[in-house]
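The values are calculated or read from the model by the stated rules, or taken from the named source; none is laboratory data. Please read these numbers as outputs of a predicted model, since none were measured by experiment. All Cβ positions, glycine included, derive from the backbone under ideal geometry; neighbour counts span all protein chains shown. The accessibility values were calculated without ligands, DNA or RNA, using every heavy atom of the protein model including side chains. Shrake-Rupley method; radii C 1.70, N 1.55, O 1.52, S 1.80 Å.
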Amino acid sequence: MAKETVSDRKTRIIAAAEAHFGATVDHVSAPGGEGRSSFRLHFHDRDVIATLRPNFRRTHLEAYVLEKLSAECDDVPEPLGVAGDILFQSDVGSRRLNEEIVAHGGAGRMHLAAEAVSAIFRIHSAARQTELNKVMPHLGANPDWVLNLVASVSVLEPFGGPIPARFDRNAAAEALRVPCRQFVKWDCRSGNAALGRDGTLRWFDFEYSGLRHGAEDFAWLIGDESWPIAPEDMVDIMIDSFDSGCGYDIADYLDYLALYTTFHAVQRLKLIEREARRRGWLTRERVRKYDDAGVHPEFAAQICRVGRYFSAQSRLTAPLTRGFDRAMTAFLEIMREDDARESA
């Protein structure tokens with residue numbers, strides 16, 4: 001069977017949408033680029049997001065999640081129906097958080113960050129009012145997944161030398177094995193939230209959601225390499241916004257957040273390095289516009305800054321701090337050299 005082209009996919013989505021809504025689609029745009037799974041359908045009276053996932057099961061799982069969450073909170077899109085393998089959902093806005101956050105400074109930037117954190121906590125709370133915390137798949141429950149997460153620290157070795165022998169990989173892996181009892185959105189990078197016409201920030205893209213500790217969602221946000229807020233400031237926001245109904249003491253919650261975010265930072269650095277070798281460095285604007293991996297030396301330095309800060313918070317990960325620090329210095333030097341060449 002021939003592979004479906006972008007044009008074929010658009011035609012199929014338009015036909016399904018017009019049959020589903022009984023209205024004509026005026027035109028179609030691609031908010032994340034033509035190669036992504038979601039399209040914005042422009043009707044005469046509203047816009048609708050149509051999502052065609054490669055995996056049929058994930059499409060229906062996402063629809064189910066949105067149905068349950070939207071009944072309990074206003075921080076997610078409203079599901080508008082499923083036609084085969086196509087999910088229709090409300091358009092939460094074109095002002096994506098990853099671009100909005102850099103358009104603000106000072107108090108405005110911190111306010112947006114606090115809104116993003118509070119919305120995640122509200123989504124978690126909403127999930128606890130449903131059966132989602134009982135029926136969703138467990139994430140990261142496979143021992144091999146955890147071991148691979150820990151083994152990824154080798155990406156730091158070219159910058160700071162061999163990982164110190166005092167780094168206890170088994171102890172770190174054991175600490176990462178936690179009960180899977182809280183719904184998590186997963187992939188809470190800032191490009192997966194937007195501000196609507198009403199000014200409300202909402203999170204979208206729930207295809208990978210499941211159950212884990214809960215702090216992982218905040219690790220995705222803080223560990224988004226294009227996120228322009230210092231990790232220590234994000235911790236202050238976490239403390240101010242903390243939901244005591246999550247089932248954890250705040251100190252324990254932040255301890256686990258530091259642990260998980262350290263290894264999440266390692267994974268993001270690994271991804272950036274791989275993509276930089278394959279594609280070369282991208283512009284900051286390109287990364288933000290298309291919600292791409294942060295393949296720019298400034299973003300690589302930022303994820304190392306995040307890893308340096310959080311690794312230093314735990315004795316389990318403190319041996320990694322020097323590697324993050326050396327890597328950050330190296331990427332900042334690359335950025336200075338690139339900037340100097342561009343201005344010459």
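Here are the numbers for the structure shown:
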{"read-out": "Residue in the range 89-96 that is open to solvent by less than 50 Å² (accessible area, probe 1.4 Å), at pLDDT 95 or above, over 23 Å from residue 224 (Cα atoms) and part of a strand (DSSP E or B) present", "value": "yes"}
{"read-out": "Scan of the range 144-166 for residues that are open to solvent by less than 70 Å² (accessible area, probe 1.4 Å) and either outside any helix (DSSP H, G or I) or closer than 20 Å to residue 214 by Cα (or both), ordered by number", "value": "146, 149, 150, 161, 163, 164"}
{"read-out": "Condition met for residue 269 (under 19 Å from residue 125 (Cβ atoms) and not in a loop (DSSP other than H, G, I, E, B))", "value": "no"}
{"read-out": "Extreme residue, nearest to residue 8 (Cα to Cα), among residues of the range 103-116 that are part of a helix (DSSP H, G or I) and free of Cβ contacts under 8 Å to residues at least 60 places away in the same chain", "value": "103"}
{"read-out": "Candidates 4, 100 - the one that is at negative phi and part of a loop (DSSP other than H, G, I, E, B)", "value": "4"}
{"read-out": "Subset tally (residues that are within 15 Å of residue 102 (Cα to Cα), assigned to a helix (DSSP H, G or I) and in contact with a Lys or Arg (Cβ under 8 Å, 6 or more places away or on another chain)) for the range 289-305", "value": "2"}
{"read-out": "Those residues of the range 281-318 which are touching a Ser or Thr at 6+ places or on another chain (Cβ under 7 Å), of a type in the set (Lys, Arg) and under 30 Å from residue 251 (Cβ atoms), in sequence order", "value": "308"}
{"read-out": "Residue within the range 100-121 that is surrounded by 16 or more Cβ atoms within 10 Å (Cβ to Cβ), among the charged types (D, E, K, R) and in contact with a helix residue (DSSP H, G or I) (Cβ under 8 Å, 6 or more places away or on another chain) present", "value": "yes"}
{"read-out": "Identity of the residue in the range 276-317, closer than 16 Å to residue 163 by Cα and open to solvent by 40 Å² or more (accessible area, probe 1.4 Å), that ends up farthest from the chain's Cα centre (by Cα)", "value": "315"}
{"read-out": "Failed item in (1) in a helix (DSSP H, G or I); (2) farther than 25 Å from residue 221 by Cα; (3) open to solvent by 30 Å² or more (accessible area, probe 1.4 Å), with residue 16 passing the rest", "value": "(3)"}
{"read-out": "Only one of 184, 235 that is touching a residue at least 12 places away in the same chain (Cβ under 8 Å), farther than 28 Å from residue 131 by Cα and touching a Leu at 6+ places or on another chain (Cβ under 9 Å)", "value": "235"}
{"read-out": "Residues (small (Gly, Ala, Ser) and on the phi < 0 side of the Ramachandran plot) located in the range 77-97", "value": "83, 90, 94"}
{"read-out": "Positions within the range 50-86 being within 21 Å of residue 119 (Cβ to Cβ), part of a strand (DSSP E or B) and open to solvent by less than 20 Å² (accessible area, probe 1.4 Å), in sequence order", "value": "51"}
{"read-out": "Output for the range 122-139, where each listed residue is surrounded by fewer than 20 Cβ atoms within 10 Å (Cβ to Cβ) and of a type outside the set (Val, Ile, Thr)", "value": "122, 125, 128, 129, 131, 133, 134, 137, 138, 139"}
{"read-out": "Among the candidates 271, 257, residue that is surrounded by 15 or more Cβ atoms within 10 Å (Cβ to Cβ), under 28 Å from residue 156 (Cα atoms), without any contact (Cβ under 8 Å) to a residue 40 or more places away in the chain and out of contact with any strand residue (DSSP E or B) (no Cβ under 9 Å at 6 or more places or on another chain)", "value": "271"}
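Each row is one residue, and each column tells you yes or no for (1) open to solvent by less than 30 Å² (accessible area, probe 1.4 Å); (2) modelled with pLDDT of 95 or more; (3) part of a loop (DSSP other than H, G, I, E, B).
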site: 187; (1), (2), (3): yes, yes, yes
site: 199; (1), (2), (3): no, no, yes
site: 207; (1), (2), (3): yes, no, yes
site: 234; (1), (2), (3): yes, yes, no
site: 253; (1), (2), (3): yes, yes, no
